[in-house]
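Beneath this line is the structure, given in structure tokens, with notes to follow.
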Amino acid sequence: MQVLERGKYASAMKRACEAVRLGSALCQNVQLQLKQAEAASKSDKSPVTIADYATQAVVAWSLQRGQGGGPLQMVAEEDSEDLRTEEGASMADRITELVNNAVAAVEPGSNLSRQQVLDLIDLGQHQGGPEGSFWVLDPIDGTRGFVGMRQYAVCLGLVDQGQVVLGVLGCPNLPVEPITPEQGEAGAAEHAGEPGYGCMFAAQLHEGSFVGPLQGDAPWQELQLTDHSDFSHIRFMESYEKGHSDHSFTAKLAKALGITKAPLRLDSQAKYGALARGDAAVILRFPNRNYREKIWDHCAGAVIVQEAGGIISDAAGTPLGFGRGRWLDLDKGIVTSTPKAHAALIKAIAQLVQEGHEPA
């Protein structure tokens with residue numbers, strides 16, 4: 001990992017990679033064994049599995065273990081409220097078992113209690129903001145993809161004084177070679193653990209963006225985007241789930257810009273890693289207008305794209321602000337692309353909106 005162990009946040013990067021590897025291994029095991037009974041529904045109706053909770057606990061445990069004292073400051077998606085009820089006891093026990101199995105691989109003989117695991121999950125309740133340093137975790141970004149045996153990512157970022165300073169993505173189902181629309185999401189989980197599958201993306205502010213194997217010690221490859229201005233040669237990515245992005249609006253936008261290639265639709269922040277290595281040149285995200293983006297949905301991926309030479313903003317061209325708390329307040333959506341494409345995308349979006357073609 002020598003290429004990543006440099007710069008101001010080298011120690012934090014090492015700990016982040018260790019935590020994401022541990023969480024990704026847990027997810028890999030659970031996805032292949034996932035049972036319908038182990039999926040529940042949170043109050044906002046998004047799916048959640050035992051793996052979301054267990055991964056959050058394992059990443060928190062790993063980060064806390066590596067920092068050598070002091071409270072862990074972390075903004076994360078899950079909390080243990082439902083697991084502390086009588087109805088949630090059996091799920092809490094299963095999560096505790098998963099966590100202890102994962103932890104034993106690093107610290108043999110360790111045995112966390114249910115209470116300790118629930119307390120680890122609740123370390124993610126930091127409120128964020130413009131001051132101090134804190135981790136930002138989405139234990140499984142793309143939970144629908146996880147449940148559907150498609151792509152997902154374990155996403156961990158570090159924010160310091162309101163700025164994202166490092167990000168790590170663990171993408172267990174992403175092929176090492178560029179992914180194509182023909183591959184898409186079909187059978188993504190079938191190859192998990194096989195040679196040629198499983199990627200980790202990592203970036204540190206002002207130190208570059210890299211991709212390497214999710215597990216193992218193969219060399220890291222530095223990423224540098226090739227800029228694009230001819231939209232006839234550009235492929236764009238968007239969410240697999242229509243509820244996560246307005247496919248109708250993106251189709252109109254693609255037509256207006258002369259994009260003719262079929263979109264590449266993937267779940268999760270795996271898209272940010274795929275863009276950083278050049279699988280596509282644009283990511284478009286236009287969720288339901290009532291949806292409020294959270295910082296953990298984009299924190300890790302944003303710095304990976306930016307350090308590879310890309311630009312990420314809301315649909316009006318305003319940079320994303322990760323120092324405002326747990327939420328991102330955006331104009332209509334998120335646009336990520338190579339630099340030459342970005343201004344044209346923002347202009348075309350404004351033109352479509354002016355013509356009455358608002359995203360749903």
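The values are calculated or read from the model by the stated rules, or taken from the named source; none is laboratory data. Since we're looking at a predicted model, the values are computed, not measured. Note: ideal-geometry Cβ built from the backbone for every residue, glycine included; neighbour counts use all protein chains shown.
What to note about this one:
- Residue-level check: of (1) surrounded by fewer than 19 Cβ atoms within 10 Å (Cβ to Cβ); (2) modelled with pLDDT under 95; (3) out of contact with any Asp or Glu (no Cβ under 8 Å at 6 or more places or on another chain), residue 144 misses just (3).
- Test: residue 280 is free of Cβ contacts under 8 Å to residues at least 60 places away in the same chain, under 22 Å from residue 226 (Cβ atoms) and not assigned by TED's automatic domain parsing to the domain that holds residue 78: yes
- The lone exception for residue 104 - which of (1) closer than 21 Å to residue 17 by Cα; (2) surrounded by 14 or more Cβ atoms within 10 Å (Cβ to Cβ); (3) among the aliphatic types (A, V, I, L, M) it fails: (2)
- Residue count for the range 117-149, restricted to those that are among the β-branched types (Val, Ile, Thr) and over 13 Å from the mean Cα position of the chain (by Cα): 3.
- Of note, residue 169 satisfies the criterion of being of a type outside the set (S, T, N, Q), assigned by TED's automatic domain parsing to the domain that holds residue 13, closer than 15 Å to residue 296 by Cα and touching a strand residue (DSSP E or B) at 6+ places or on another chain (Cβ under 6 Å).
- Checking 302, 274, 341 one by one, the residue that is over 21 Å from the mean Cα position of the chain (by Cα), buried (at least 16 other Cβ atoms within 10 Å of the Cβ) and not aromatic (Phe, Trp, Tyr) is 341 and no other.
- Number of positions in the range 101-135 that are part of a helix (DSSP H, G or I) and of a type outside the set (S, T, N, Q): 12
- Residue in the range 328-336 that is buried (at least 20 other Cβ atoms within 10 Å of the Cβ) and of a type in the set (Ser, Thr, Tyr) present: yes
- Candidates in the range 185-213 are the residues that are on the phi > 0 side of the Ramachandran plot, surrounded by fewer than 19 Cβ atoms within 10 Å (Cβ to Cβ) and small (Gly, Ala, Ser); of these, the one that is modelled with the highest pLDDT is 196.
- Residues satisfying the stated conditions in the range 276-302, i.e. in contact with a Phe, Trp or Tyr (Cβ under 9 Å, 6 or more places away or on another chain) and closer than 19 Å to residue 159 by Cα: 293, 294, 295, 298, 299, 300, 301, 302
- Boolean, residue 68 is surrounded by fewer than 13 Cβ atoms within 10 Å (Cβ to Cβ), more than 22 Å from the chain's Cα centre (by Cα) and assigned by TED's automatic domain parsing to the domain that holds residue 42: yes
- Residue 295 vs. criteria within 24 Å of residue 354 (Cβ to Cβ), at pLDDT 95 or above and out of contact with any His (no Cβ under 8 Å at 6 or more places or on another chain): no
- Some residue of the range 211-231 being part of a helix (DSSP H, G or I), in contact (Cβ under 8 Å) with a residue 12 or more places away in the chain and closer than 25 Å to residue 353 by Cα: yes
- Within the range 317-360, the set of residues being hydrophobic (A, V, I, L, M, F, W, C), assigned to a loop (DSSP other than H, G, I, E, B) and modelled with pLDDT of 95 or more comprises 320, 322.
- Residue identified as surrounded by 18 or more Cβ atoms within 10 Å (Cβ to Cβ) and at pLDDT below 95 among 31, 56, 36, 2: 31
- When each of 222, 293 is tested for being out of contact with any strand residue (DSSP E or B) (no Cβ under 6 Å at 6 or more places or on another chain) and of a type in the set (D, E, K, R), the lone residue that passes is 293.
- Filter result (surrounded by fewer than 19 Cβ atoms within 10 Å (Cβ to Cβ) and within 22 Å of residue 143 (Cα to Cα)) within the range 214-245: 215, 241, 242, 243
- Residue in the range 91-102 that is without any contact (Cβ under 8 Å) to a residue 24 or more places away in the chain, over 20 Å from residue 303 (Cβ atoms) and hydroxyl-bearing (Ser, Thr, Tyr) present: yes
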